[in-house]
Each structure stands twice: as structure tokens, then as C-alpha cells.
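See structure below.
Each reported figure results from applying straightforward, stated rules to the coordinates on display, with no laboratory input. What you see is a predicted model; the values in this text were computed from it and never measured. Don't worry about glycine lacking a Cβ; one is built from the backbone with ideal geometry, like all the others, and counts go over all protein chains shown.
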């Protein structure tokens, strides 16, 4: 089993303004990637989903790929 990236970096808060980090964790169709593929723990997956949704709402990430 892979270790959580956010736990290993000791990050407590996932900032929605860090679009480069968030882009790595969404698919080519801009769907949130399953935690079994990314290796993110459940606690950070919830925070990650919230950050991605906030970034989409603020217009920093697209909802769908054109």
C-alpha cells in the first residue's frame, strides 16, 4: 500500500489555490481520481475533494475538459 502524500508532507490544510497540485489529482476528464489510485488516505481525500470543488467554483479549475 502506498503512503498518503499529504501525510508524508505533514500537510494539514489543502489550499484550493494550489491548482498545480490539484491538477495532478484529477483525471483528463477533470474527474476526481479514486484514492486507491492516488494513495491518499480517507481524511485527506475528503479535504482534497472539498479543495477541488472550491477551485472549480472560483474558476481556477474547469468542471469539464473542452
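Spin-label model, residue 42/residue 10: points 7 Å from Cα along the beta carbon direction are separated by 2.6 nm. Spin-label model, residue 3 to residue 30: label points 7 Å out along the Cα-to-beta-carbon direction sit 3.4 nm apart.
What's the angle, to the nearest 10 degrees (0 to 90), between helix 42-58's Cα axis and the longest principal axis of the chain? With rounding to tens, the tilt is 20 degrees. Every pair of different Cα atoms in the chain enters the Kirkwood calculation, which places the hydrodynamic radius at 12.0 Å.
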